[in-house]
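Peer 1: Here it is: the structure, laid out below.
The values are calculated or read from the model by the stated rules, or taken from the named source; none is laboratory data. Note that the structure is predicted; figures quoted are calculated from it, not measured. Positions of Cβ are generated from backbone atoms using ideal geometry, with glycine treated the same way; all protein chains shown enter the neighbour counts. Surface accessibility is based on the protein's heavy atoms, side chains included, excluding ligands, DNA and RNA. Shrake-Rupley method; radii C 1.70, N 1.55, O 1.52, S 1.80 Å.
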Amino acid sequence: METLNKLLSIELNYIIIGLIEVFYTLEQVLNTQFKYSKRPHHLVHNILFQIAFFIGNFFWAAVTVFSIEWLNQHQIGLFYLIQLPLWLKLVLGVALIDLVSYWFHRMSHRVPLLWRFHRVHHSDTTMDTSTYFRAHPIEVLLWFGTLNIIAAGIFGLDLLTLGLYFLISTPFFILEHTNLRFPSWLDKSFGLIFTTPNLHKVHHEQDQHYTDSKYADIFILWDRLFGTYKYKPVEQIKFGLKEFEDAKKQTFWYLFKSPFINVTRISSDELVKAEKSSL
Ligand SMILES: [Zn+2]
Ligand SMILES: [Zn+2]
């Protein structure tokens, strides 16, 4: 318990920065899975998202802490109605935040207004560690802020559970986007329960048939349970969104404005037609 408290008292941003440094370095020295096109350009624009992400973080962290403390003081949520040992509350709490995140993510693909913000994350045509940060600042506020408060309100979760969730989910998020090779046995074992980097990359495939699948962050179990598990070998994946492929649409400023621009989503059928006509 003491160790857990100590771990959670480390500022989350430091953990994120440490992990990025490790994986950025590995991506430089190891043989990467996919080739980069215009790597410096890609990095500069994703770093701008990273800065916006950190600024957003400070804001939602304050709002989240205030809201969850208020909910806990008023003993709101299911866990206040039942007696459970602390370890079980923590395990269930982490799984339940992940479940709420799964449904929020799924809604972001279905509800056109949410997709306008979420598509920024999917727009990246080259995946690496920095892709994790490519999220519209409004989505960062919506997703991280409201989602955790909603989960805490429904289930009666506290800040310790939320801290543990971030401690576990952050390495998952960063690893899932990193441009490194991971063996397929990892998907066949660990990937039965957890989201592996190769499995999350299916979610970044251009073809909407695959983009609209694999919504889970930590537990791939949610996709298996709710029928959104689809598979494509990682070496066949083409990243990004066809409608954002143009270099001009890969800049921070364009993507920042993009939720307010009408960009028609290209369906699987249209993608096949476009691929055939370009041959
Ligand atoms: Zn998505
Ligand atoms: Zn992703």
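Residues checked against (1) at pLDDT 75 or above; (2) under 24 Å from the mean Cα position of the chain (by Cα):
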{"position": "Ile15", "(1), (2)": "no, yes"}
{"position": "Phe23", "(1), (2)": "no, yes"}
{"position": "Lys35", "(1), (2)": "no, yes"}
{"position": "Asn46", "(1), (2)": "yes, yes"}
{"position": "Val63", "(1), (2)": "yes, yes"}
{"position": "Ile68", "(1), (2)": "yes, yes"}
{"position": "Ile76", "(1), (2)": "yes, no"}
{"position": "Trp87", "(1), (2)": "yes, no"}
{"position": "Leu92", "(1), (2)": "yes, yes"}
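Peer 1: Which one of these is among the β-branched types (Val, Ile, Thr), within 16 Å of ligand 2 (Cβ to nearest atom), modelled with pLDDT of 90 or more and assigned to a helix (DSSP H, G or I): Val120, Val140?
Peer 2: Selected residue: Val120, the only one of Val120, Val140 that is among the β-branched types (Val, Ile, Thr), within 16 Å of ligand 2 (Cβ to nearest atom), modelled with pLDDT of 90 or more and assigned to a helix (DSSP H, G or I).
Peer 1: Kindly indicate which of Phe58, Phe53 is open to solvent by 70 Å² or more (accessible area, probe 1.4 Å) and either in a helix (DSSP H, G or I) or more than 29 Å from His209 (Cα to Cα) (or both).
Peer 2: Phe58
Peer 1: Of the conditions (1) within 15 Å of ligand 1 (Cβ to nearest atom); (2) hydroxyl-bearing (Ser, Thr, Tyr); (3) farther than 24 Å from Glu275 by Cα, Thr211 fails just one. Which one is it?
Peer 2: (3)
Peer 1: Among the candidates Leu192, Leu225, Leu221, Leu199, which residue alone is open to solvent by 10 Å² or more (accessible area, probe 1.4 Å) and more than 16 Å from Trp103 (Cα to Cα)?
Peer 2: Of Leu192, Leu225, Leu221, Leu199, the one residue that is open to solvent by 10 Å² or more (accessible area, probe 1.4 Å) and more than 16 Å from Trp103 (Cα to Cα) is Leu192.
Peer 1: Please find, within segment 167-179, the residue that is farthest from Leu90 (Cα to Cα) out of those that are open to solvent by 10 Å² or more (accessible area, probe 1.4 Å) and within 15 Å of ligand 2 (Cβ to nearest atom).
Peer 2: Ranking the candidates gives Leu175 first.
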